[in-house]
Amino acid sequence: MRLFPYAVVLLGVLRHGGASGLLELSLGKFRNVLLNQTNPVEAVIRHIAGNVTVVIFQVHAQKNDVVISFNKNPSVNSSGTGVDKGLVSILRPQQTVCTWYLRSLDASQVLSTAISIPYMEKDPIPGGCNLEFDLEVDPNIYLDYTVVDIHIKFAPANLGYTRGANPPSCDSGTGQNSRWRLCYDVYQYFLPENELSEMVLMNHIQKMSEVESIKANGIKMLTLTNDDKTNVYFSSLPGQGVIYNVIVRDPIWNTSAAYVPVHTYACSFADLVDNCSTLSKLSTKVFFTALAVLGLFTCFFGHRFWKTDLFFMGFIFSGFFFFVFITRVTGLGYDVRLILTAVAGVIGGFFLVASWWRFGSVLLAMFIIGLVLGFLFSSTVFFTPLGDYRVFRDDVVFWVTFSSVALMIPVLFVGCLRILNILASGIVGSYTVILAIACYIYTSLAYITLNPLRRVLNDYFNRAYTNVPFQTNDFIILSVWTMLALSGVTVQLRRERSEVPFPPHPYLTWKRERERRSTNVLDPSHHIPPLRERIHNKLLHIKEFFQKEQPAGERTPLLL
């Protein structure tokens, strides 16, 4: 049934001649078209009105590169290749027809969608002052991504002009009569989560192609002026479809124009392993699933099982810092680093338990537990739009603020340590369940803690905007997290309200008990033999068990 809409679209393409070699277009109307490698499709627009001075023609495919050109034989300066490409046609006087040529680089047929958008003489021309890329006028947005961030860049625009006139100079000055008065609004649009189909992209990219629809549907992230470079960084969201576009505005003529939108999933469809459909590694799933099991137990029983709670928090605390350390100073692979992090976390957890057993310092243990909760709280604060404020681009400002918010938690609860421990075990324990869910389906809630980790590990992540989608899937998972946290905290508060705040110091209890047994002769435990003697007696008992029984009969000498 999932193939039915796709088949209907293909049938519509064939009926309209999209695969026959000629594609008749209308200005401002999208058309789906099937492209192949051998037979170029000729796209034609006729009857262009005289007040139109520029036409931007663009074509979009999901994952296969297409070639768009002015001629049947493409050249570097007259064509573009990619999944989202466009060309600007500067119309001559009396010109009413425009023609472009399309083909794919893949041997099989590629579904794409095309549109031509007209602009008038006062509208700015996207990419009209291109000095970096191959096309003379380049309306395209160039996108690169890594597992950490996404980088988009584009050529500056120029002022609009009438047909047949010479274009305004790009470098004649920086006054209000030059292209330096133009502003650039960068927009972001999220595709539905966990949706990788071609048809979804084709339907949604239409919302990000024209100025009015971009303003209505996109999220305005920032505005660039003549003092800014025309490149922007965003946080990478592997597996989540995102569309970016730029609207260039002329504040004097009150006109605007849109660049060619570009999309990415920040992953590869072609890779056999770790592709867009299977993003999480097996090691990640095992690690966070095991952590979630322990976290779920801690969520409901953390304060009752105090040593388990200490181990859980010590595991998180030491594992986080160890992962940051080995990532910064070594070049080990991800799986090796994750295994070593698990080992370090176990050692750290046992160390925290052992230190409490020996020294009995509840305050030290609770300070570490409070830091873990404070880190999650501070990460949540910067997960909001507050994190994208320009002032926090500075690493010093960001980390000082982040640390202050994190330290605020243990300081505020210093007088009620039991409440702090119950809150930490309930909230942090339930969040590990969310991290485990994120290994199997996409959820933006995983980036609450992933974004600070990225900023620690990458020196240039401070320039990236960290906006994420928050859709139906995220609201459901947020409800699960809230329900687990509230249930865990409530259950523990009700169960522990009549108990002592914390268990007694185990080492002092053991010493006190040993001294009592050694001095109180009336205590039955005082007469317990030493361990060595008890082991010897046990071995004798086992030896007697295997000896043969003596024959029955009288064993005393007969009396005469």
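On the stretch given as segment 396-429, residues that are of a type in the set (F, W, Y) and surrounded by 19 or more Cβ atoms within 10 Å (Cβ to Cβ) total 2. Taking the criterion of being in a helix (DSSP H, G or I), over 19 Å from I316 (Cα atoms) and open to solvent by 50 Å² or more (accessible area, probe 1.4 Å), the residues of segment 375-387 that qualify are P385, L386. Within segment 497-511, if we keep just the residues that are assigned to a loop (DSSP other than H, G, I, E, B) and either surrounded by 12 or more Cβ atoms within 10 Å (Cβ to Cβ) or in contact with a Phe, Trp or Tyr (Cβ under 6 Å, 6 or more places away or on another chain) (or both), the residue that is modelled with the lowest pLDDT turns out to be H505.
Of the residues R514, R494, the single one that is among the basic types (K, R), part of a helix (DSSP H, G or I) and either closer than 21 Å to W356 by Cα or at pLDDT 95 or above (or both) is R514. Checked against (1) open to solvent by 70 Å² or more (accessible area, probe 1.4 Å); (2) of a type in the set (S, T, Y); (3) in contact with an Asp or Glu (Cβ under 7 Å, 6 or more places away or on another chain), T298 passes all but condition (1). In segment 2-19, the condition of being open to solvent by 20 Å² or more (accessible area, probe 1.4 Å), assigned to a loop (DSSP other than H, G, I, E, B) and modelled with pLDDT of 90 or more is met by no residue.
Residues of segment 154-179 being of a type in the set (A, V, I, L, M, F, W, C) and either without any contact (Cβ under 8 Å) to a residue 24 or more places away in the chain or assigned by the TED database to the domain that holds S112 (or both), which ones? F154, A155, A157, L159, A165, listed by residue number. Against the test of being open to solvent by 40 Å² or more (accessible area, probe 1.4 Å), touching a Lys or Arg at 6+ places or on another chain (Cβ under 9 Å) and closer than 25 Å to N203 by Cα, the options D106, D144 yield a single qualifying residue, D144. Scanning segment 192-232 for residues that are open to solvent by 40 Å² or more (accessible area, probe 1.4 Å) and under 17 Å from the mean Cα position of the chain (by Cα) yields P192, N194, E195, L196.
When you check Y259 against the structure, is it in contact (Cβ under 8 Å) with a residue 60 or more places away in the chain, over 22 Å from the mean Cα position of the chain (by Cα) and either open to solvent by less than 30 Å² (accessible area, probe 1.4 Å) or more than 30 Å from R495 (Cα to Cα) (or both), yes or no? For Y259, the condition - in contact (Cβ under 8 Å) with a residue 60 or more places away in the chain, over 22 Å from the mean Cα position of the chain (by Cα) and either open to solvent by less than 30 Å² (accessible area, probe 1.4 Å) or more than 30 Å from R495 (Cα to Cα) (or both) - is met. Where strands (runs of 3 or more DSSP E) fall wholly inside segment 36-93, the ranges with 1 or more residues that are of a type outside the set (A, V, I, L, M) and open to solvent by 10 Å² or more (accessible area, probe 1.4 Å) are 41-45, 79-82, 84-90. Residues in segment 430-471 that are open to solvent by 50 Å² or more (accessible area, probe 1.4 Å), farther than 21 Å from D395 by Cα and either in contact with a Lys or Arg (Cβ under 9 Å, 6 or more places away or on another chain) or without any contact (Cβ under 8 Å) to a residue 12 or more places away in the chain (or both): Y440 alone.
The values are calculated or read from the model by the stated rules, or taken from the named source; none is laboratory data. Just so it is clear, the structure is predicted and the values come from calculations on it, not from any experiment. Reconstructed Cβ throughout: ideal geometry from the backbone, glycine too, with neighbour counts over all protein chains shown. Accessible surface is based on the protein model in full, side chains and every heavy atom, while ligands, DNA and RNA are left aside. Shrake-Rupley method; radii C 1.70, N 1.55, O 1.52, S 1.80 Å.
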